[in-house]
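Single-structure report; data block below.
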Amino acid sequence: MAASGDHQPPSDANATPAVSSPGEPALAGQTVVVIGGSAGSGRETARRGRAEGAEVILTGRDADRLAQAARDVGTTTEGNTEMSVVVVATAHPLPEHRAEVIAAFEAAVAQVHDEPGVDLYALNEGPDRLVMIEKYESEQARSAHAKGPALADLLSALRGKLRGNLDVQVLVPHPAGNPDKGRL
């Protein structure tokens, strides 16, 4: 019986208890999503989850810190500490500048496709936004792109033409299902 003021989660008679075999990490086969995983307690939670065998998905607002946390926290299933990096960047062009914003992205695409380590750099369009989906073979390739002239030119061309800032999310791969279809 819980003491007054103690919080007891509701019981779910149908829940399957998490059971690990002797010698198997406690979170093997589980997925842990950490919001704010680039620093502090979020990063430590991610580190502990990986240490216990979980697949870890990190989210955060600072792309560079998030990528560093991904390197520090996780490895791929093969034990390789170098993993691909996926970036999703969303831009909301001002209606009167939409054509200019599209042209700026198209120019960047042409340049970035020639950069080493770029596996994917694809522009997608929605009614009120443009979404760039990017994949780099490693954090080093993403970092080189982030410091390169194509991105600098793009950011310069976008200045004053967007509703707000670019929303850039750096994502850690989480392969699932068929290996050919379950990852970028």
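The values are calculated or read from the model by the stated rules, or taken from the named source; none is laboratory data. Since this is a predicted model, take the numbers as computed values, not measurements. Cβ coordinates were reconstructed from backbone atoms using ideal geometry, including for glycine residues, and neighbour counts include every protein chain displayed.
So is Lys181 at pLDDT below 95 and either exposed (fewer than 14 other Cβ atoms within 10 Å of the Cβ) or not aromatic (Phe, Trp, Tyr) (or both) or not?
Judged against the criteria, Lys181 is a match.
Can you name the number of the only condition in (1) touching a strand residue (DSSP E or B) at 6+ places or on another chain (Cβ under 9 Å); (2) hydroxyl-bearing (Ser, Thr, Tyr); (3) modelled with pLDDT of 75 or more that Ser41 fails?
Single failed check for Ser41: (1).
Out of all the residues in segment 129-167, which are touching a residue at least 24 places away in the same chain (Cβ under 8 Å), in a loop (DSSP other than H, G, I, E, B) and either closer than 25 Å to Ala69 by Cα or among the hydroxyl-bearing types (Ser, Thr, Tyr) (or both)?
Listed by number, the residues that qualify are Glu137, Ser138, Gly148, Leu166.
Identify, please: which residue in segment 64-82 is under 12 Å from His174 (Cα atoms) and surrounded by fewer than 20 Cβ atoms within 10 Å (Cβ to Cβ) and is, among those, modelled with the highest pLDDT?
Thr75
Please go through (1) within 23 Å of the chain's Cα centre (by Cα); (2) in a helix (DSSP H, G or I) for Pro116 and return the number of the only condition it doesn't satisfy.
(2)
I'd like the residue in segment 168-184 that is outside any loop (DSSP other than H, G, I, E, B) and touching a helix residue (DSSP H, G or I) at 6+ places or on another chain (Cβ under 8 Å) and, out of all such residues, is nearest to Ala54 (Cα to Cα).
Val170
Can you name every residue in segment 121-137 that is surrounded by 14 or more Cβ atoms within 10 Å (Cβ to Cβ) and not aliphatic (A, V, I, L, M)?
Passing the criteria: Tyr121, Arg129, Glu134, Lys135, Tyr136, Glu137.
With surrounded by 15 or more Cβ atoms within 10 Å (Cβ to Cβ) and not assigned by TED's automatic domain parsing to the domain that holds Gly37 as the only criterion, which of Ala103, Ala99, Ala146 stands out?
Ala146
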